[in-house]
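Notes follow once the structure below has been shown.
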Amino acid sequence: MALSLQEQLLKAGLADKKKSQQIKQEKRKKDKIKRTQKRVDVDETKLSVEQQIEEKKARDRALNQKTKEEAERKAIAYQILQIIQLNKIDIKNGDISFNFTHDNLIKRIHVDVRTQQALQDGKLAIVSYQDGYEIIPMPAADKISQRDADIVVYVSDNESPQETSSSDEDDWYADFKVPDDLMW
């Protein structure tokens, strides 16, 4: 039977019996401590690889979010373009110049009488479109302002004075009955 290295060293007189027993005891203590504490050795390369993977995931998420936002901006711009193209009102014979402000500058667009009245009544709006201006109905202007309020350049906020005065008067005289047989 083959002898262990420790036994061979003892026979040769190179090792001491007390020293060998002390080494065995230390080895048993270390093994017992490992079993009871279940201490795991930390692998630094594994940690650095995991850290690099997490950083890469974070960069990928940020890049995906950025491309998603860019795609949404392009989709909104295309929707606005479609709404304007489908709803624009062509004015061929505009003999009245309609003035409005855009970026603190007074701009002018030529319209006809009917379009001018509709713009003043708030039924139509003016939007900025490809280095120019287009006139569109208010429902379309509302849809555009939900997507991008800067595109809508002019919306009349004036109520017609006839409607406000008549509604105020109707409310005031609602309690009084007017006789039908009045003679002046």
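The values are calculated or read from the model by the stated rules, or taken from the named source; none is laboratory data. Fair warning: this is a prediction, and the values are worked out from it, not measured in the lab. Reconstructed Cβ throughout: ideal geometry from the backbone, glycine too, with neighbour counts over all protein chains shown.
Table for the structure above
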{"read-out": "Members of segment 18-42 found to be exposed (fewer than 10 other Cβ atoms within 10 Å of the Cβ) and at pLDDT below 85, listed by number", "value": "ARG35, THR36, GLN37, LYS38, ARG39, VAL40, ASP41, VAL42"}
{"read-out": "Segment 119-139 - residue that is crowded, with 19+ Cβ neighbours inside 10 Å and among the aliphatic types (A, V, I, L, M) and, of those, modelled with the lowest pLDDT", "value": "LEU119"}
